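The values are calculated or read from the model by the stated rules, or taken from the named source; none is laboratory data. Note that the coordinates shown come from a computational prediction; the quantities given were computed from them, not determined experimentally. Cβ sites come from the backbone with ideal geometry, for glycine too, and all protein chains shown count toward neighbours. Just so you know, the surface numbers come from the protein's heavy atoms only, side chains and all, with ligands and any DNA or RNA stripped out. Shrake-Rupley method; radii C 1.70, N 1.55, O 1.52, S 1.80 Å.
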Protein chains: 2
Amino acid sequence: MARIVMKFGGTSMAGIERIRNVASRVKREVEAGNEVAVVVSAMAGETDRLVGFCREASPLHDPREYDVVVAAGEQVTSGLLAITLQAMGVPARSWLGWQLPIHTSDAHSSARILGMETGPVGEAMTRGEVAVIPGFQGLADGNRVTTLGRGGSDTSAVAVAAALKAERCDIYTDVDGVYTTDPRIVPRARKLERVTYEEMLELASVGAKVLQTRSVELAMKEKVRVQVLSSFNDTPGTFVVDEDEVVEQQLITGVAYNRNEAKITVVEVPDRPGSVGALFGPLAEANVNVDMIVQNIAHDTGNTDVTFTVPRTDLPKSLDVLDKAKADIGYSRLITDDNVAKISVVGVGMRSHAGVAQTMFQALGSRGINIQAITTSEIKVSVLIAEEYTELAVRVLHTAYGLDAA
Amino acid sequence: MARIVMKFGGTSMAGIERIRNVASRVKREVEAGNEVAVVVSAMAGETDRLVGFCREASPLHDPREYDVVVAAGEQVTSGLLAITLQAMGVPARSWLGWQLPIHTSDAHSSARILGMETGPVGEAMTRGEVAVIPGFQGLADGNRVTTLGRGGSDTSAVAVAAALKAERCDIYTDVDGVYTTDPRIVPRARKLERVTYEEMLELASVGAKVLQTRSVELAMKEKVRVQVLSSFNDTPGTFVVDEDEVVEQQLITGVAYNRNEAKITVVEVPDRPGSVGALFGPLAEANVNVDMIVQNIAHDTGNTDVTFTVPRTDLPKSLDVLDKAKADIGYSRLITDDNVAKISVVGVGMRSHAGVAQTMFQALGSRGINIQAITTSEIKVSVLIAEEYTELAVRVLHTAYGLDAA
């Protein structure tokens, strides 16, 4: 007998028919002798509907009241799942964020979970009652409703699993696990049995949107074993676990791509102390997430060119910010390119192996793909290339690192 | 400066455009120097949608979880009205049922309000902040969400007004007040300036569905001055007040009708002690609300006929109950008629005037309308007639009691 947390997203909760499917899966785990807590999202589309109301009421809405409005979506599905479980003969009750409570910071609409009280809910689970917990919501000091930001239900599930000391946290989604790369591009992509927290984080950061990044960070911090699996079939999923649990390490675990970046080159920036601060400071203040940065050596003129990438949606804002700061920075002009893609290879194995980047450069070079920028982390190498080569680059690298299924 | 409670129903809250209209009315009261609490219903149709989900999930749903689901509707409109008020420059915040809290019994889905804590919300109002309070919801012992039953928002508003010692409770609806009778039947019906609690209760019980009965009972008990008025125009409404406030009493205040009854005659019931108990006991157990009862004197046979009315929707259930109890009761057969209507005249003035019933019988008799049953209370006379005479009877009585507008 084990204690487990199961989390179902909006697609799995969209309508009573699907909620029955969810309840059947929960019942199966209960009948296998497990103590179960279920974390649920709002019905697909419901959060958008509620957010739409808030925006229509006022573009600059009070985030405390926004939280009151949007938290209602998960409240509804929690009650409905409890009713459905009971109708199947499974004892169940809903525990709303304020009832448990799940304590959060008071950063309304993007609160962070601080802790959760487990006394009464733990006792109920020990008595054999399934605890249905709305994801996404919590309670701040002052007894106000908070929400964790979009996608926050994954984080709720991991936090609940940590607080309840669950053996694992099963996250049911519309994909059946984490793959070596996007199977739509590489049909021979393989589903991974296990992936480490660090790899999952790097994969998420470069576009593999299986789990919300914060949920993986929290799982890593709290050492919660997470399984990603499909709510529509019965195949085993992918475990996201500590490095110790991954016995046979691949050099590279996966290849990811991200087409949501744009490149900006700032031409002829004075090569003197403080100039980079003058460049990136205003962007940070404007909440632009600068990703890859390349600075060349200075020209004879005492100037240098700086190239970096920003999220494509932030390109207009970034140019606006840089334009206003032109005098401070002292550059001559800007060159932009949003036909770029970032290709990344990720794997904890590269820590102990040299030559990973070299394999990448050679493989891409052999197909005539030019590399415009490079960044590396301990377990990731990313390159920026022209967007039109995206699929080719992913396929070439998937083969070059021996990831193709037999 | 006064403290007032304003209550808006689902039609007034259906969509942001209408919520803006509500916010404008609230703003006007704030600018007039009033401290305002607003009690809101869910958007029109939303509660039906949520109830539908619960029924689809299970016909026999746990009322505790049902309450969690349906309370979400008022939560959403509360947050949205607070946002809208703020956007108009009016300080406002939502206070959910569990935040205040509004204490209720644990009769989930039809809970009764026991009391409300007014400390923090009262202080906020004194600071000039509008308190937006979801109707219909409360909190039971054990920290569980409760709801008051359909139409409970009127009751919430009156309870809030009582707790906050408000000068009055304005209930905004889609009619602009209480009329001497249905203006669709009698174009010369007049809007009443004032009506007493007792009259309002009797009018509500016989079909004038302006206010929920429980809210009037509570207003009477707590001496809350209620005003019924339209949220779509600016004309003064009708005050529902204590008898002392009604200076110039009419003999009759209003004429009401109710087509939702059905008549059952139980033929040849043994005329002995206990037989009436054997008849009405099982109906009470089946939650059938028996209204008018007529028992004739016994026949020579030692049997009597008993006639009574039940809500038309309960007719099949009633017949089923009586069929099962046939041996116990010992009657010979049942005669039913659902083509009946109940016509009532209501007025506190009739306490001190004889002849009110006689006027009624003569007026109806003069038009050849046969009376099938009669009940009276201290301030009401009701008769049962064939349904086809409903409009004629209402018009005749409206004229007979001098209620027609000049």
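Some values worked out for this structure:
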{"item": "Residue list for the stretch B:370-391, restricted to those being more than 22 Å from B:MET350 (Cα to Cα) and without any contact (Cβ under 8 Å) to a residue 40 or more places away in the chain", "result": "B:ASN370"}
{"item": "All positions within the stretch A:4-26 that are in a helix (DSSP H, G or I), in contact with a helix residue (DSSP H, G or I) (Cβ under 8 Å, 6 or more places away or on another chain) and of a type outside the set (Gly, Ala, Ser)", "result": "A:ILE16, A:ILE19, A:ARG20, A:VAL22, A:VAL26"}
{"item": "Those residues of the stretch B:27-47 which are within 11 Å of another protein chain (Cβ to nearest Cβ) and in a loop (DSSP other than H, G, I, E, B), in sequence order", "result": "B:ALA42, B:MET43"}
{"item": "Set B:SER12, B:SER109: member being within 23 Å of the chain's Cα centre (by Cα), at positive phi and either open to solvent by less than 20 Å² (accessible area, probe 1.4 Å) or more than 9 Å from every other protein chain (Cβ to nearest Cβ) (or both)", "result": "B:SER109"}
{"item": "Residue in the stretch A:112-121 that is within 11 Å of chain B (Cβ to nearest Cβ) and over 30 Å from B:VAL90 (Cα atoms) present", "result": "yes"}
{"item": "Residue in the stretch A:213-223 that is surrounded by fewer than 17 Cβ atoms within 10 Å (Cβ to Cβ), outside any loop (DSSP other than H, G, I, E, B) and more than 13 Å from the chain's Cα centre (by Cα) present", "result": "yes"}
{"item": "Residue count for the stretch A:171-200, restricted to those that are under 14 Å from the mean Cα position of the chain (by Cα) and surrounded by 23 or more Cβ atoms within 10 Å (Cβ to Cβ)", "result": "4"}
{"item": "Some residue of the stretch B:386-400 being assigned to a strand (DSSP E or B), touching a Ser or Thr at 6+ places or on another chain (Cβ under 6 Å) and within 25 Å of B:PHE308 (Cα to Cα)", "result": "no"}
{"item": "From the options A:THR173, A:THR155, A:THR181, A:THR213, residue that is more than 22 Å from A:PHE136 (Cβ to Cβ), among the hydroxyl-bearing types (Ser, Thr, Tyr) and out of contact with any Pro (no Cβ under 8 Å at 6 or more places or on another chain)", "result": "A:THR181"}
{"item": "Criterion violated by A:ASP291 - all others in (1) open to solvent by less than 80 Å² (accessible area, probe 1.4 Å); (2) free of Cβ contacts under 8 Å to residues at least 24 places away in the same chain; (3) under 30 Å from A:ALA278 (Cα atoms) satisfied", "result": "(2)"}
{"item": "Residue ID - farthest from B:TYR66 (Cα to Cα), chosen from residues in the stretch A:65-84 that are of a type in the set (D, E, K, R) and more than 7 Å from every other protein chain (Cβ to nearest Cβ)", "result": "A:ASP67"}
{"item": "Failed condition for B:ALA189, given (1) touching a Pro at 6+ places or on another chain (Cβ under 7 Å); (2) within 14 Å of chain A (Cβ to nearest Cβ)", "result": "(2)"}
{"item": "Flag for B:LEU50 being of a type in the set (A, V, I, L, M), within 11 Å of another protein chain (Cβ to nearest Cβ), without any contact (Cβ under 8 Å) to a residue 40 or more places away in the chain and part of a helix (DSSP H, G or I)", "result": "yes"}
{"item": "The lone exception for A:PHE361 - which of (1) more than 30 Å from A:LYS191 (Cα to Cα); (2) surrounded by 14 or more Cβ atoms within 10 Å (Cβ to Cβ) it fails", "result": "(1)"}
{"item": "Within the stretch B:63-101, considering residues that are of a type in the set (S, T, N, Q), part of a helix (DSSP H, G or I) and open to solvent by less than 30 Å² (accessible area, probe 1.4 Å), the one nearest to A:LEU80 (Cα to Cα)", "result": "B:GLN75"}
{"item": "Conditions (1) closer than 15 Å to B:ILE19 by Cβ; (2) among the aliphatic types (A, V, I, L, M); (3) more than 7 Å from chain B (Cβ to nearest Cβ): number failed by A:ALA57", "result": "(3)"}
{"item": "Any hit, the stretch B:160-169, residues being in a helix (DSSP H, G or I) and within 12 Å of another protein chain (Cβ to nearest Cβ)", "result": "no"}
{"item": "Selection within the stretch A:364-385 - over 18 Å from A:GLU202 (Cβ atoms), part of a loop (DSSP other than H, G, I, E, B) and open to solvent by less than 40 Å² (accessible area, probe 1.4 Å)", "result": "A:ILE369"}
{"item": "Lone unmet requirement of (1) among the charged types (D, E, K, R); (2) open to solvent by 20 Å² or more (accessible area, probe 1.4 Å); (3) at the interface with chain B (Cβ under 8 Å from one of its Cβ atoms) for A:GLU129", "result": "(3)"}
{"item": "Among (1) outside the structural domain of A:VAL348 (by TED's automatic domain parsing); (2) touching a residue at least 60 places away in the same chain (Cβ under 8 Å), the one test that A:MET200 misses", "result": "(2)"}
{"item": "Residue match in the stretch A:145-158 (condition: more than 30 Å from A:LEU80 (Cβ to Cβ) and either small (Gly, Ala, Ser) or part of a helix (DSSP H, G or I) (or both))", "result": "no"}
{"item": "Cβ-Cβ under 6 Å pairs, at least 6 apart or on other chains, the stretch B:128-145 side within 15 Å of B:ALA161 (Cβ to Cβ), far side part of a loop (DSSP other than H, G, I, E, B)", "result": "B:VAL130/B:VAL90; B:ALA131/B:TRP95; B:ILE133/B:TRP95; B:GLY135/B:SER41"}
{"item": "Residues within the stretch B:324-334 that are in a helix (DSSP H, G or I) and open to solvent by 60 Å² or more (accessible area, probe 1.4 Å), tallied", "result": "4"}
{"item": "Residue match in the stretch B:143-166 (condition: out of contact with any helix residue (DSSP H, G or I) (no Cβ under 8 Å at 6 or more places or on another chain), open to solvent by less than 60 Å² (accessible area, probe 1.4 Å) and more than 19 Å from B:ILE102 (Cα to Cα))", "result": "no"}
